[in-house]
Amino acid sequence: MPDCIFCEIVNKRMKSEMIHEAEELVAFKDINPQAPVHVLVVPRKHIDSVQDINQNDAELIGKMILVAKKIAEANNIDKDGYRLVINNGINGGQTVSHLHLHILGGRRMTWPPG
Ligand code: 5GP
Ligand code: ZN
């Protein structure tokens with residue numbers, strides 16, 4: 001996908017603080033952290049958003065959440081709790097059109113979100 005910054009990061013053409021690399025997905029620190037722990041779990045395959053996933057992606061989406069759980073444990077936010085977020089489209093606040101799961105932790109989150 002041309003001009004996709006997350007494709008650039010996945011393909012190592014752009015730098016990031018990578019914390020996990022697997023066959024189908026990677027995880028790296030968010031460049032503009034909104035919490036003491038802010039990690040993005042990103043499939044290597046370019047998918048615009050949740051609206052573009054299909055049945056064939058079910059396992060991949062499951063793996064994204066399972067990896068998020070492991071990253072939460074590795075960052076010691078599993079006991080106190082954390083938030084997983086997928087922003088979708090304009091109203092969802094999505095700014096990068098390559099599917100990603102935010103892991104946010106290390107502080108108390110508020111509800112409702114802004
Ligand atoms: P969204 O708003 O699409 O849900 O989330 C996009 C996230 O990607 C934002 O939290 C933003 O800070 C992060 N981000 C944008 N560009 C870069 C980048 O070049 N490197 C990293 N590590 N994160 C980025
Ligand atoms: Zn992409």
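Of the options A22, A68, Q34, report the single residue whose Cα projects farthest towards the positive end of the charge dipole of the chain (beta-carbon charges: Lys, Arg +1; Asp, Glu -1).
Q34
Can you compute the label reach from M109? Point 7 Å from Cα along the Cβ direction, backbone N cut-off under 15 Å, restricted to segment 36-77.
36-41, 65-66, 68-73, 77
Taking the Cα centre as origin and putting +1 on Lys and Arg beta-carbons and -1 on Asp and Glu beta-carbons, what dipole magnitude results for segment 12-105, to the nearest 20 debye?
The calculated dipole for segment 12-105 is roughly 240 debye.
Go ahead and collect, in residue order, the members of segment 85-114 whose backbone nitrogen is under 20 Å from a label point 7 Å along the Cα-Cβ direction of R44.
Inside the label zone: 98-101.
For a quick check: with amide H placed at 1.01 Å from N, whose amide H comes under 5 Å from H20's, ignoring anything fewer than 5 positions away on the same chain?
Residues meeting the amide H criterion: A27.
Relative contact order, percent, of the chain when contacts are C-alpha pairs under 8 Å separated by at least 6 residues?
Taking the mean separation of contacting Cα pairs over the length of the chain, I get 30 percent.
Using every alpha carbon pair in segment 5-105, what percent of pairs falls into each 10 Å bin from 0 up to the bin containing the largest distance?
15, 51, 31, 2
Only the coordinates and a few stated rules stand behind these numbers; no lab work does. This one's a predicted model, so the numbers in the text were calculated from it and none came from an experiment. A quick note on method: Cβ atoms are made from the backbone with ideal geometry, for glycine too, and the neighbour counts reach across all protein chains shown.
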